[in-house]
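The values are calculated or read from the model by the stated rules, or taken from the named source; none is laboratory data. None of the values given here were measured: they were computed from a predicted structure. FYI the Cβ positions are ideal-geometry reconstructions off the backbone, even for glycines, and counts take in every protein chain you see.
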Amino acid sequence: MKSRPTLIAIRLRQLGDVLATLGTLRAIKKSDPNRRVVYIVDSLFHELLSEVEFIDLLLPEPPHTHGLRGSSEYERYVQQIRELRADSVIDFHGSLRTAILSALTGAPRRIGFNVRLRSAFYTHVEPRAEFENGRRLPRTSHESAMSLARRGGLVSVAGRAGETITVPAVRIESASEIFGELGLPAGVVSAHKLIGLNPGKAYASKEWGEDRFVELCEQLTHEGNSVLVTWGPGERPRAARIVGRVRKGVFLSPPLKLHEVPGVLASLSLLVTIDSGLKHLAVAVGTPTVTLFGPTSPGEWHMGGTNDRVLWAGLSCSPCRLLECPFGRPPCMQRLTPDAVMNEVASVRESLVSV
């Protein structure tokens with residue numbers, strides 16, 4: 001009896017990076033519904049990904065090999081991986097650690113990027129970037145992931161980055177209970193009047209000032225919207241300050257576990273956000289987004305559909321990918337105004353009505 005084809009995909013961490021692979025995994029599954037898709041990813045994301053229908057098995061990242069005990073645990077981990085008898089492995093992560101793990105799986109087809117000290121562990125190698133006339137062409141993380149799958153002959157259908165996570169009804173119901181406890185106006189969700197705001201805790205070069213978030217909240221509430229300000233680890237003080245400076249109509253999200261967030265996002269009419277993991281999760285559940293880009297490139301990190309919009313000044317120094325701006329207050333973010341955000345919000349809403 002012929003064994004079921006099995007793919008092992010590897011992308012250990014960073015929420016945005018993990019979510020960027022889902023469109024490719026879905027395309028792989030559509031290309032061969034009989035293929036078993038195994039995903040090696042940080043256990044932190046397992047509950048979030050457990051209901052993704054095109055992933056058959058989630059496995060934790062490999063243990064580190066520090067000391068004799070660590071080496072023994074790693075050996076047992078590799079043995080468990082080899083027992084899957086995978087025919088293919090695709091290394092989205094691309095570190096030396098994951099390249100070695102790719103080879104240790106025993107899969108005869110191993111796909112990864114052509115990076116020094118790593119490409120020798122793969123059988124199918126994809127260029128890390130594409131160039132034209134000496135210039136690097138922009139390619140999103142989703143497009144890079146798809147290029148790996150095509151290189152290994154794993155896809156026969158087109159892939160897209162958005163709407164890769166289906167939110168169960170129970171998560172929507174839980175979100176509704178959360179909104180009731182916060183005292184949001186009745187019917188605000190069904191009226192498409194609840195807008196999410198994700199100020200994050202950006203590093204210095206991504207900073208969009210609190211004054212601007214406050215001004216944006218005031219404009220949104222003036223138009224009859226309610227605003228839910230979200231926050232993650234280490235971000236609550238900033239979010240609370242923004243909420244505290246607006247008179248009414250703005251609510252601070254309670255603490256949420258990661259698997260609870262999709263239900264909240266799916267209940268929003270739109271999310272205004274900096275470039276972050278939450279932006280990518282909103283795209284994954286199909287919530288429209290307006291994203292403020294500065295030191296990072298929308299050409300690499302804007303993944304979504306027609307209802308996902310970008311604000312980016314496109315200055316000559318951007319994208320710089322620096323954590324701190326040499327000019328002090330980053331001009332690439334300062335050029336983005338609350339009025340410009342409001343224009344994009346209105347544009348998204350117009351496109352939704354016209355559908």
What do you reckon, is residue 167 buried (at least 17 other Cβ atoms within 10 Å of the Cβ), within 25 Å of residue 95 (Cβ to Cβ) and at pLDDT 95 or above? no
Flagged pairs (Cβ under 7 angstrom, 6 or more apart or on separate chains; first in region 265-284, under 17 Å from residue 336 (Cα atoms); second buried (at least 24 other Cβ atoms within 10 Å of the Cβ) and of a type in the set (Lys, Arg)) are 273/279
Flagged in region 23-44 as small (Gly, Ala, Ser) and touching a residue at least 60 places away in the same chain (Cβ under 8 Å), in numbering order, are 23, 27, 31
| request: Please verify whether region 259-269 includes one or more residues that are within 23 Å of residue 332 (Cβ to Cβ), surrounded by 19 or more Cβ atoms within 10 Å (Cβ to Cβ) and outside the structural domain of residue 20 (by TED's automatic domain parsing). | output: no
Subset of region 218-231, residues under 22 Å from residue 281 (Cβ atoms) and touching a Lys or Arg at 6+ places or on another chain (Cβ under 8 Å), comes to 225, 226, 231
Of those in region 1-39 that are farther than 20 Å from residue 303 by Cβ and buried (at least 24 other Cβ atoms within 10 Å of the Cβ), the residue farthest from the chain's Cα centre (by Cα) is 7
Here the residues within region 320-341 that are in contact with an Asp or Glu (Cβ under 8 Å, 6 or more places away or on another chain) and surrounded by 13 or more Cβ atoms within 10 Å (Cβ to Cβ) are 330, 333, 338
Here the qualifying pairs (Cβ atoms under 9 Å; residues six or more apart or on different chains; first in region 231-248 and acidic (Asp, Glu); second surrounded by 15 or more Cβ atoms within 10 Å (Cβ to Cβ) and outside any loop (DSSP other than H, G, I, E, B)) come out as 235/198
Over region 153-185, the set of residues touching a helix residue (DSSP H, G or I) at 6+ places or on another chain (Cβ under 6 Å) and part of a helix (DSSP H, G or I) is 171, 172, 174, 175
In region 120-139, residues that are touching a strand residue (DSSP E or B) at 6+ places or on another chain (Cβ under 6 Å) and surrounded by 15 or more Cβ atoms within 10 Å (Cβ to Cβ) total 5
Of the candidates 265, 278, 256, 252, the one satisfying the condition of being more than 24 Å from residue 352 (Cα to Cα) and touching a strand residue (DSSP E or B) at 6+ places or on another chain (Cβ under 7 Å) is 252
Out of (1) surrounded by 15 or more Cβ atoms within 10 Å (Cβ to Cβ); (2) within 30 Å of residue 307 (Cα to Cα); (3) of a type in the set (Val, Ile, Thr), the one residue 115 does not meet is (2)
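So that you can scan it fast, the table gives a plain yes or no per residue for (1) out of contact with any helix residue (DSSP H, G or I) (no Cβ under 7 Å at 6 or more places or on another chain); (2) modelled with pLDDT of 95 or more; (3) surrounded by 13 or more Cβ atoms within 10 Å (Cβ to Cβ):
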{"site": "55", "(1), (2), (3)": "no, yes, yes"}
{"site": "69", "(1), (2), (3)": "yes, no, no"}
{"site": "72", "(1), (2), (3)": "yes, no, no"}
{"site": "88", "(1), (2), (3)": "yes, yes, yes"}
{"site": "110", "(1), (2), (3)": "no, yes, yes"}
If you go through 78, 157, the only one that is surrounded by fewer than 19 Cβ atoms within 10 Å (Cβ to Cβ), at pLDDT 95 or above and under 30 Å from residue 305 (Cα atoms) is 157
Exercise for review: Check whether at least one residue in region 163-182 is touching a Phe, Trp or Tyr at 6+ places or on another chain (Cβ under 9 Å) and not assigned by TED's automatic domain parsing to the domain that holds residue 345, and report yes or no.
Suggested key: yes
